[in-house]
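Asks: I am attaching a structure below and will ask some questions about it afterwards.
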Amino acid sequence: MSKEMIMVLDFGGQYNQLIARRVRDLGVYAEVYPSSIGVEKIREIGPKGIIFTGGPQSVYKEESQHIDPSVFSLGIPIFGFCYGAQLIAYELGGEVKTAPVSEYGKTPVRVDNSSVIFSDVQETTVTWMSHTDYIAKVPEGFRVTAHTENCPVAGMEDVSRGIYAVQFHPEVSHTAEGSKMFRHFLYDVCKCAGDWKMDTFVEDQIRSIREKVGNGRVLLALSGGVDSSVAATLMSKAIGRQLTCVFVDHGLMRKNEGDEVEAVFGPKGQYDLNFIRVNAGPEYFAELEGVTDPEQKRKIIGEKFIRVFEREAKKIGAVDFLCQGTIYPDVVESGLGKGATIKSHHNVGGLPKNVEFKEIIEPLRMLFKDEVRQVGLKLGLPDYLVFRQPFPGPGLGVRIVGEVTPEKVRILQDADAIYREEIAKAGLDRKINQYFAALTNMRTVGVMGDFRTYDYACVLRAVETDDFMTAEASDIPFAVLEKVMNRIVDEVKGINRVFYDLTSKPPGTIEFE
């Protein structure tokens, strides 16, 4: 692991992980910590720099998140965004008030190029604003480095203390020159070396896994998705047949995917590990009968997975460690920080109660999806597996709105296979970050030949995203969508209508349930 690190202090904003991602993009390792971490812990960790994130609160309200002011005396450079900027002003004796005019969205900002943060930024640059409060007066020792028509302090700095702040969000792509601002903070202010690379991560993780596991045995739940596949390969490289992978096929996978997983990791595959496949589809369908609530479905699927996994683990005997393919967005979206739970992830919160193990190993816990793919390529995994479409733990269970039945799964598997096939034929499979078909609970009247039909409506989903925390609908050519529609309606019994989902995230999620 890189010895230098930027600490991102979370004040409840929606872009906290994106900030860490932007830092890593520039070759510096970053981790997110709660704002309540405490100065002693910060001193112990010793980051090269600290970033204060945005947040939804007002700094002058009693219930808002604050920070021990002694953090400003540690000698560690600090960069505050939005709420983080206001917090710096407030804690150091400036004034924060309700703004006469709130600013939201793309906003032109005039910057002072004599500031190191803005040294090569255009004098007027487009940024992304989202605030109802503003800094009315900067603290003593600070100078204003940017402003807008309605915001007198869009940027400020105290160079002597290494403290910088901007009222906007440089981490989002809508801020045209945000990357330059990050780079100046990391390299000109914090003097980072920029040694965060996937090669280093892989070597360090393999060494760390070997040291931790020793002669012990490790059990891993292999789903066949990118995350668990990369975790399995990394563990295999580190400890070989000390690893046992249990693949629970819950009958909710994509078409032919169970067999594909076995072909890669099973006895005839190329990896040095123990592989067990459990075909548990009938058990899952029995548990899901009549269930329509999305969160209840997730909980049933997650709980059933744990019970089946426990059953198989007992046959193996005692193990020392449980390995999970948890990645950073899983942790965030499961509400393990201060944010609200968006949806539950069964590979984060639910652990088997009756399987004895000393410790959990999560080698990918600090990585984003594209970083996981980079690790997979470094480990020599085939491209088709590394770039496999992201697939949720509950599988098609959260892409079928309403009750999950074997017939609905069959319908969706066929529709989804056609969609993925046509996207690949159009050369879009590497350009779209995630795409899949979902099945609604809506049935509509249609006409096929001389006959009236009353079948399900299918929805096509495709999104563009850097980090899976925010996403926009992909602009797929109409001719491609039309071809997919024609094939699905013609070839898939049970579907007579096809929609395309234009919803971004937020307000929607990428998955349907």
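Asks: Determine the pairs where a residue that is loosely packed, with under 15 Cβ neighbours inside 10 Å, located within the stretch 120-136, has a partner that is basic (K, R) and modelled with pLDDT of 95 or more with Cβ atoms under 7 Å apart, the partner being 6 or more residues away or on another chain.
Replies: Partner pairs satisfying both residue conditions: D120/K180; E123/R110; T124/R110.
Asks: Here's something else I'd like to know. Among the residues of the stretch 96-119, count how many are surrounded by 18 or more Cβ atoms within 10 Å (Cβ to Cβ) and among the polar types (S, T, N, Q).
Replies: Result for the stretch 96-119: 2.
Asks: Just to be sure I understand the filter: pairs with C-beta atoms under 9 Å, separated by 6 or more residues or on different chains, first member in the stretch 200-227 and part of a strand (DSSP E or B), second member crowded, with 23+ Cβ neighbours inside 10 Å and of a type in the set (S, T, Y). Which pairs pass?
Replies: Qualifying pairs under 9 Å: L220/S228; A221/S228.
Asks: Can you name every residue in the stretch 74-90 that is within 21 Å of I45 (Cα to Cα) and in a loop (DSSP other than H, G, I, E, B)?
Replies: Scanning the stretch 74-90 gives L74, G75, I76, P77.
Asks: Against the definition (more than 16 Å from A146 (Cα to Cα), assigned by TED's automatic domain parsing to the domain that holds S35 and either of a type in the set (D, E, K, R) or touching a Pro at 6+ places or on another chain (Cβ under 8 Å) (or both)), how does E91 come out, yes or no?
Replies: Taking the combined requirement at face value, the residue satisfies it.
Asks: I need every pair where a residue in the stretch 243-254 that is within 17 Å of N274 (Cβ to Cβ) has its Cβ under 7 Å from the Cβ of a residue that is of a type in the set (S, T, Y), sequence separation at least 6 or different chains.
Replies: L243/S236
Asks: Test V447 against the stated conditions and say whether it is hydrophobic (A, V, I, L, M, F, W, C), in a strand (DSSP E or B) and surrounded by fewer than 20 Cβ atoms within 10 Å (Cβ to Cβ).
Replies: Yes, satisfied.
Asks: Among the numbered criteria (1) under 20 Å from G178 (Cα atoms); (2) of a type in the set (G, A, S); (3) part of a strand (DSSP E or B), which one does S102 miss?
Replies: (1)
Asks: Go through the stretch 455-492 and give me each residue that's among the acidic types (D, E) and either assigned to a strand (DSSP E or B) or assigned by TED's automatic domain parsing to the domain that holds D227 (or both).
Replies: Once the filter is applied, which keeps residues that are among the acidic types (D, E) and either assigned to a strand (DSSP E or B) or assigned by TED's automatic domain parsing to the domain that holds D227 (or both), the stretch 455-492 yields D455, E464, E472.
Asks: Can you pull out every residue in the stretch 152-186 that is part of a helix (DSSP H, G or I) and in contact (Cβ under 8 Å) with a residue 24 or more places away in the chain?
Replies: Within the stretch 152-186, V159, R161, G178, S179, K180, M181, F182, R183, H184, F185, L186 meet the criteria.
Residues checked against (1) assigned to a helix (DSSP H, G or I); (2) farther than 28 Å from Q270 by Cβ; (3) outside the structural domain of K304 (by TED's automatic domain parsing); (4) of a type in the set (A, V, I, L, M):
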site: E403; (1), (2), (3), (4): no, yes, yes, no
site: Q413; (1), (2), (3), (4): yes, no, yes, no
site: E422; (1), (2), (3), (4): yes, yes, yes, no
site: T453; (1), (2), (3), (4): no, yes, yes, no
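Asks: How many of the residues making up the stretch 1-35 are out of contact with any strand residue (DSSP E or B) (no Cβ under 9 Å at 6 or more places or on another chain) and either surrounded by 19 or more Cβ atoms within 10 Å (Cβ to Cβ) or small (G, A, S) (or both)?
Replies: Looking only at that region, the number is 3.
Asks: Inside the stretch 308-325, can you point out the residues that are assigned to a loop (DSSP other than H, G, I, E, B) and modelled with pLDDT of 85 or more?
Replies: Matches in the stretch 308-325: V319, D320, Q324, G325.
Asks: In addition: So I88 ticks every box in (1) of a type outside the set (D, E); (2) closer than 26 Å to L18 by Cα; (3) loosely packed, with under 14 Cβ neighbours inside 10 Å; (4) modelled with pLDDT of 95 or more but one. Which box is left unticked?
Replies: In the conditions (1) of a type outside the set (D, E); (2) closer than 26 Å to L18 by Cα; (3) loosely packed, with under 14 Cβ neighbours inside 10 Å; (4) modelled with pLDDT of 95 or more, I88 misses (3) alone.
Asks: Condition check: within 25 Å of the chain's Cα centre (by Cα), on the phi < 0 side of the Ramachandran plot, modelled with pLDDT under 95 and not hydroxyl-bearing (S, T, Y). Does D416 satisfy that?
Replies: No, not satisfied.
Asks: Of the residues that sit in the stretch 212-236 and are more than 25 Å from the chain's Cα centre (by Cα) and closer than 25 Å to K378 by Cα, which one is surrounded by the fewest Cβ atoms within 10 Å (Cβ to Cβ)?
Replies: G214
The values are calculated or read from the model by the stated rules, or taken from the named source; none is laboratory data. Source: prediction; values computed, not measured. All Cβ positions, even for glycine, are placed from backbone atoms using ideal geometry, and neighbour counts span all protein chains on display.
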